[in-house]
Amino acid sequence: MICTAKNGCSSDITFQGKKVYFNWSSGIPFSSLGKKLDKTEFLKNLVDNNNLQAVEAMLADWELYENGWHVVYPKGGYKHPQLFYYLRQYGTASEPKELDYFN
């Protein structure tokens, strides 16, 4: 099961036009995300090639699907939680500098 990520105002979070989801004990079936897409190909249209590696590192825990982003919590914790925490308005997370790399 997955759950829609929400910010501090209980509004659904989106990133680059797609809703953001994470694993949860209740919610909607994972299959609702649809087909997995190539995240790198998606980003190539939004980020200059010189900054692509930094943006991909920021999204290390994120997988792209037809109907949204899935933020995966791997064993050992997130590799790069800053964007997810920032969008959720979680704690004191600051805006990731990599967001400036988007066209």
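The values are calculated or read from the model by the stated rules, or taken from the named source; none is laboratory data. Bear in mind that the values here come from a model prediction, so they are computed numbers and not experimental data. Because the Cβ atoms are built from the backbone with ideal geometry, glycine has one as well, and the counts that use them run over all protein chains shown.
State the number of residues belonging to segment 24-50 that are closer than 25 Å to residue 95 by Cα and not in a loop (DSSP other than H, G, I, E, B).
9
Based on this model, can you work out whether residue 21 counts as hydroxyl-bearing (Ser, Thr, Tyr), assigned to a strand (DSSP E or B), surrounded by 12 or more Cβ atoms within 10 Å (Cβ to Cβ) and on the phi < 0 side of the Ramachandran plot? Lay out the reasoning, then the answer.
Values: hydroxyl-bearing (Ser, Thr, Tyr): yes; assigned to a strand (DSSP E or B): yes; surrounded by 12 or more Cβ atoms within 10 Å (Cβ to Cβ): yes; on the phi < 0 side of the Ramachandran plot: yes.
Against the criterion (hydroxyl-bearing (Ser, Thr, Tyr), assigned to a strand (DSSP E or B), surrounded by 12 or more Cβ atoms within 10 Å (Cβ to Cβ) and on the phi < 0 side of the Ramachandran plot), residue 21 qualifies.
Of the numbered conditions (1) of a type in the set (Val, Ile, Thr); (2) touching a Cys at 6+ places or on another chain (Cβ under 9 Å); (3) over 19 Å from residue 1 (Cα atoms), residue 28 satisfies every one except a single condition; which is it?
Here residue 28 meets the rest and fails (3).
Given the condition at pLDDT 95 or above and in a helix (DSSP H, G or I), answer yes or no: does some residue in segment 57-73 qualify?
yes
For segment 1-18, which positions are touching a Ser or Thr at 6+ places or on another chain (Cβ under 8 Å), assigned to a loop (DSSP other than H, G, I, E, B) and exposed (fewer than 14 other Cβ atoms within 10 Å of the Cβ)?
Of segment 1-18, the ones touching a Ser or Thr at 6+ places or on another chain (Cβ under 8 Å) are 1-3, 12-13.
If we keep only those that are assigned to a loop (DSSP other than H, G, I, E, B) as well, we get 1, 13.
Once the filter is applied, which keeps residues that are touching a Ser or Thr at 6+ places or on another chain (Cβ under 8 Å), assigned to a loop (DSSP other than H, G, I, E, B) and exposed (fewer than 14 other Cβ atoms within 10 Å of the Cβ), segment 1-18 yields only 1.
Given the conditions (1) loosely packed, with under 12 Cβ neighbours inside 10 Å; (2) more than 21 Å from residue 103 (Cα to Cα), and given that residue 71 satisfies all but one, which numbered condition is not satisfied?
(1)
Need pairs with beta-carbon distance below 6 Å; first residue at pLDDT below 95 and within segment 76-98, second among the charged types (D, E, K, R) and surrounded by 15 or more Cβ atoms within 10 Å (Cβ to Cβ); sequence gap 6+ or separate chains.
Sorted first by the residue in segment 76-98, then by its partner, the pairs are 78/61; 79/61.
From the list 43, 64, which residue is buried (at least 16 other Cβ atoms within 10 Å of the Cβ), touching a residue at least 24 places away in the same chain (Cβ under 8 Å) and within 14 Å of the chain's Cα centre (by Cα)? Walk me through how you get there before you give the answer.
Working: 43 fails: touching a residue at least 24 places away in the same chain (Cβ under 8 Å).
Exactly one of 43, 64 is buried (at least 16 other Cβ atoms within 10 Å of the Cβ), touching a residue at least 24 places away in the same chain (Cβ under 8 Å) and within 14 Å of the chain's Cα centre (by Cα), namely 64.
Name, by its number, the condition in (1) on the phi > 0 side of the Ramachandran plot; (2) loosely packed, with under 14 Cβ neighbours inside 10 Å; (3) touching a residue at least 24 places away in the same chain (Cβ under 8 Å) that does not hold for residue 35.
Every condition holds for residue 35 apart from (1).
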